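Participant: Dropping a structure here in structure tokens format, bear with me for questions.
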Amino acid sequence: MNRRDILRRTAAAGLLATPAAGLLTGCALGGGDEEDSGGETYVGTKTAENPLGVKEDAPLEVVIFNGGFGEEYAKAHEAMYKERYPKAEIKHSATQEINKTLQPRFVDGTPPDVVNNSGAGQIDFNGLVSQNALADLGELLDAPSLDVPGKTVRETLLPGAVDVGSYDGKFLVLNYTYTVYGIWYSTKLFADRGWEYPKTWDEHIALCREIKKAGIAPWTYAGKHPRYMSWPVLSTAVKLGGLDVAKAIDNLEPNAWKSEAMKAAADAWYQIVKDGFILEGSPGLDHIQSQTAWCQGKAAFISCGSWLESEQKNVTPPGFNMSVAPTPSLSSGDKLPFEAIRGTAGEPFMVPAKAKNRAGGLEYFRTMLSMKGAQDFTRKVSSLTVVANSTQGIELPFGLSSVVKALEASGANGFNWVYNNYYRKLERELVDAACGEFFSGRSTPAEFLDACQKGADQIAADSSIKKYRRA
Amino acid sequence: MKHGKYPLIITFLVPPLLLYGIFVISPYLQAFQISTTDWLGYSSSANFVGLENFATLLRDEYLWNAVKNNLILLILLPILTIALGLFFATMLNMGGRRGTAGVVGVRGSSVYRLVYFFPQVLSVVIIAYVWKEVYNPNNGLLNGALRALGLPTPTWLGDPRTAFWAVLAVMVWSNVGFYVVLFGAAMQSIPRDIYEAALLDGSSRWTTLTRVTIPLLWDTVQVAWIYLAIAALDGFILVQQMTDGGPNHSSDVIGLRMYNTAFGSETKFGYASAIGVVMFFLTLSVAVLALRAARRERIEY
């Protein structure tokens, strides 16, 4: 028998093995069409002390996204839960790959009780919601707060916190942090040079000229994630044309991206491209590289959310004193005042519909949303939570205190959009690509809006994507 | 001894075949099954949709864009890598002309051999990370050098005209070391006297390479071709880490499309499996074609 024969026979044996392996198929899809039984196995009795009906000795499994916030804050929350339910065993784990780690567990119906679905490995919420994979958290909102007397959990939250996690009127996702999106600058740089943050668009352009003359680039951005620049463009448009501009985009209305307000905003922002106000090479930088260039004083403005300060902690020079500010007003006829800023709840937490200890998961959220839990979080990771007034008595770092001030000034004029939660692909892939072309000067404002609209139309036409309506 | 042969073969063959069946063949078959459903990945139920996913796929312009990029890789990656690999291996093994007789490599060839192999010991993610910094338009090594020479400094990964080629260059760079070693080892097994005869006949280095070395190495080149063709149809890790398919999808590849469809911006596992099935047939046909096209008369020595 020569070598070739052996190979041939092995191949034949492999073919014979195939039918046997065929018996194994169907694993990935689970057992087929079994009824959704809910899977909840731990149910306690509801009392005034225990409004959610937690079974006190039921184990609780918590999976945390191990990103910018780390996992220590979660361990503290778990300790608080354990204090109230000493007999409960808590299984804690942290990962950066939420999707790959948990996907098989969702399929075979044994998901953890609490999931912090965040980061680059976030599971698309559209898919989770349309497959009824998430438990309704409504009960939690109406339960009394753990340590704010006389108030329900709902009443302790900042405005907008419930809306962001609601899909067709059901509250399914608890977004725990409160994030402000704006334009960041170094208070020190501006004080040293005698510059003042511009309140109108014309002042902004005039200042950009001055900054450029001083040998500094007025702007930089994350060229690899250019969607960061969609935030100031949309903010400018919403402030000009009112909240309906954002709602039309969220609801995928025809030509929502080509509204008058969006056109005016895109035209305005095109000027920083045209006049060379953007740090050269920015299109080739990722978010960390561009933010670092900004921290090194190579650029004056950058668009980011309020996680920026902790993300840049290691490279920010002492005394840099970063501050956040709203986008400049485009005209005197803007529907929203200059102070209006985009604030939204972020950092999503969820309880899977098939969680064994659903009540425990909800109770864990109640612990997180207690004044004690929220303050501990803010102290540990320098970020705001959705719990109102929870920063009182805590000394905040410079950037975060500027965030608090901006939020107070913005007050009831604060705005937000949610299309990025409803249709992750639209922001992450399609608007992202359009922004990349626009801010590197390869497309005009009209082409930019066309590209965004084309993306929105594709999502709208895709019958496999569930659509949601923002009221 | 004859009667003991089959139990021995079976003992050695059954465990690997079983593992292969469970971890390779079964997932493939499952992918075929899932590709005919609209499964969204996070529940145990899915509807059978027949070939609908494949129909969608035909109209998916982003996928075709990725296929185009993979086809360019399929042509250029093997050609560039094999050409460079052969060149370096020749120089290392027979490029020197110091002695009057004998075949030796260029001076310091043992050092070069080590250097060429460096990328092979690095994980792909680290290679991507290092090169991302090399390509940094402002602080990167590459633009630093270009600036010092007074040459224009492109934004590399930030420009759709250069991003794809910048990634291709890294693919070649990270692969070439392995083929230098592969070809080098094959050259070592070519009898020296053939070269000495060629030398005596006064053949130049180029003629020796094309008339003697390459024909004798043809089997190895063929294997290299198939490996590289399969690598060219993948390219996922480098692209995802360095450009994430951007800017404006200019460096997208099929693997990244598949990943983003299932795990990235959507959870369409059914559709992603359909992309996977297409990739499977593409890879299979490329491997078969490469084997066919490279078939030549075998030279025994």
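Participant: Which of the residues in the stretch B:230-271 show a loss of at least 20 Å² in accessible area from their chain by itself to the complete set of protein chains, at a probe of 1.4 Å?
Facilitator: With the partner chains in place, the stretch B:230-271 has these residues losing at least 20 Å²: B:248, B:249, B:257, B:259, B:263, B:264, B:265, B:266, B:267, B:268.
Participant: Now, a different point. Using all alpha carbons of the stretch B:1-98, what is the percent of pairwise distances in each 5 Å bin, ordered from the shortest bin to the longest?
Facilitator: Bin by bin from 0 Å, the calculated values are 2, 9, 8, 9, 10, 10, 10, 11, 11, 9, 6, 3, 1, 0, 0.
Participant: Using the Karplus equation 6.51 cos²θ - 1.76 cosθ + 1.60 (θ = phi - 60°), what ³J(HN,Hα) coupling, rounded to whole Hz, does each residue of the stretch A:139-148 give in order, writing x for Gly and Pro?
Facilitator: Couplings: 4, 4, 4, 8, 6, x, 5, 5, 9, 10 Hz.
Participant: Now, a different point. Mean residue ellipticity at 222 nm from the helices of chain B, using -39,500 (n - 2.57) per DSSP H segment of n ≥ 4 over the full residue count, to the nearest 500 deg cm²/dmol?
Facilitator: Rounded to the nearest 500, it is -21000 deg cm²/dmol.
Participant: Which value in nm describes the separation of the simple spin-label points at residue B:6 and residue A:409, placed 7 Å from the Cα toward the beta carbon?
Facilitator: For residue B:6 paired with residue A:409, the spin-label model returns 8.8 nm.
Participant: How many lysine pairs does the stretch A:400-471 hold where the Cα atoms are under 26 Å apart and the two sit 8 or more places apart or on different chains? Present the calculation step by step, with values, prior to reporting the outcome.
Facilitator: On the way: A:425/A:454; A:425/A:466; A:425/A:467; A:454/A:466; A:454/A:467.
Lysine pairs meeting both conditions in the stretch A:400-471 amount to 5.
Participant: Tally up the carbon and sulfur contribution to the accessible surface of the protein assembly as shown as a whole percent, 1.4 Å probe, everything protein left in place.
Facilitator: Within the protein assembly as shown, the accessible surface is 59 percent carbon and sulfur.
Participant: Given a 1.4 Å probe and the protein chains all in place, what does the accessible area of residue A:107 round to, in Å² to the nearest 10?
Facilitator: Taking all protein chains as shown, residue A:107 has close to 10 Å².
Participant: OK, next. Rounded to the nearest 10 Å², what accessible area does residue A:216 show when all protein chains are kept and the probe is 1.4 Å?
Facilitator: Accessible area of residue A:216: about 20 Å².
Participant: Scan chain B and report its longest stretch carrying no GluC sites (Glu not before Pro) that are both in a DSSP loop and have at most 16 other Cβ atoms within 10 Å.
Facilitator: That gives B:1-296 as the longest site-free run.
Participant: Taking a ≥ b ≥ c as the square roots of the Cα gyration tensor eigenvalues, with a/c under 1.5 meaning rounded and otherwise prolate when a/b beats b/c, else oblate, which class fits the stretch B:61-293?
Facilitator: Because a/c hits 1.5 or more and a/b fails to exceed b/c, the stretch B:61-293 counts as oblate.
Participant: Can you give me the long-range amide H partners of residue A:306? Hydrogens built in the peptide plane at 1.01 Å from N, cutoff under 5 Å, separation of 5 or more residues or another chain.
Facilitator: Residues meeting the criterion, in which the H sits 1.01 Å from N, are A:180.
Participant: Given a 1.4 angstrom probe, what's the average accessible area per residue across chain B, in square angstrom? Before the final figure, lay out each step's value.
Facilitator: On the way: 15770 Å² over 301 residues.
Counting only protein heavy atoms, the per-residue value for chain B is 52 Å².
Participant: Oh, and also: Just need the relative contact order of chain A here, percent rounded to a whole number, with Cα pairs under 8 Å and 6+ apart.
Facilitator: 24 percent
Participant: Mind checking the log10 I(q)/I(0) for the protein assembly as shown at q = 0.08 Å⁻¹? Debye, one equal scatterer per Cα, no solvent, two decimals.
Facilitator: Debye output, listed in q order: -0.79.
Participant: With r as the distance between the Cβ atoms of residue A:151 and residue B:222 and R0 = 56 Å, compute the FRET efficiency 1/(1 + (r/R0)^6) and round to 0.05. Please report the intermediate quantities before stating the final value.
Facilitator: Values: r = 75 Å, r/R0 = 1.34.
The formula returns an efficiency of 0.15 here.
Participant: How long are the semi-axes of the ellipsoid equivalent to the stretch A:25-184, from square roots of 5 times the Cα gyration tensor eigenvalues, in whole Å, largest first?
Facilitator: On the way: eigenvalues 129, 97, 64 Å².
Taking √(5λ) for each eigenvalue gives 25, 22, 18 Å, largest first.
Participant: Counting only heavy atoms of the protein chains, get the accessible area per residue of chain A (1.4 Å probe) and round it to a whole Å² value.
Facilitator: Result: 41 Å² per residue.
Participant: I'd like the interface area for chains A and B: accessible area of each alone minus the complex, both sides summed, 1.4 Å probe, protein heavy atoms only. What is it in Å² to the nearest 100?
Facilitator: It comes to approximately 4200 Å² buried between A and B.
Participant: Between residue B:47 and residue B:118, what is the FRET efficiency for a Förster distance of 56 Å, r being their Cβ-Cβ separation, to the nearest 0.05?
Facilitator: 0.65
Participant: Also: Taking R0 as 22 Å, what FRET efficiency do you get between residue A:92 and residue A:380 from their Cβ-Cβ distance, rounded to the nearest 0.05?
Facilitator: After rounding to 0.05, the efficiency reads 0.90.
Participant: How about the stretch A:48-97: which trypsin sites (Lys or Arg not before Pro) there lie in a loop by DSSP and see at most 10 other Cβ atoms within 10 Å?
Facilitator: Taking the stretch A:48-97 and a limit of 10 other Cβ atoms within 10 Å, the loop trypsin sites (Lys or Arg not before Pro) found are A:87.
Participant: Ok, one more. Which longest run of chain A has no exposed loop site in it, a site being GluC sites (Glu not before Pro) in a DSSP loop with at most 10 other beta carbons within 10 Å, and the site itself not part of the run?
Facilitator: Longest run free of exposed loop sites: A:197-394.
Participant: With the contact rule set at Cα under 8 Å and sequence spacing of 6 or more, what percent relative contact order holds for chain B?
Facilitator: Here the relative contact order equals 27 percent.
Participant: Do you know which residues of the stretch B:30-71 lose at least 30 square angstrom of accessible area in the protein assembly compared with their chain on its own, with a 1.4 angstrom probe?
Facilitator: Checking the loss per residue gives B:30, B:33, B:39, B:40, B:42, B:43, B:44, B:61, B:62.
Participant: Right, here's the next one. Distance in nm between label sites at residue B:280 and residue A:444, each 7 Å beyond Cα in the beta-carbon direction?
Facilitator: Taking the two extended label points, one gets 4.8 nm.
Participant: Could you go through the stretch A:273-288 in sequence order and give the Karplus-derived ³J(HN,Hα) for each residue, using 6.51 cos²θ - 1.76 cosθ + 1.60 with θ = phi - 60°, rounded to whole Hz, and x for Gly and Pro?
Facilitator: Computed from phi, the couplings for the stretch A:273-288 are 7, 4, 7, x, 8, 9, 3, 4, x, 3, x, x, 9, 8, 4, 5 Hz.
The values are calculated or read from the model by the stated rules, or taken from the named source; none is laboratory data. None of the values given here were measured: they were computed from a predicted structure. When we count neighbours, we look across all protein chains shown, and the Cβ atoms used for this are built from the backbone with ideal geometry, even at glycine. Just the protein is used for accessible areas: all its heavy atoms, side chains included, with ligands, DNA and RNA removed. Shrake-Rupley method; radii C 1.70, N 1.55, O 1.52, S 1.80 Å.
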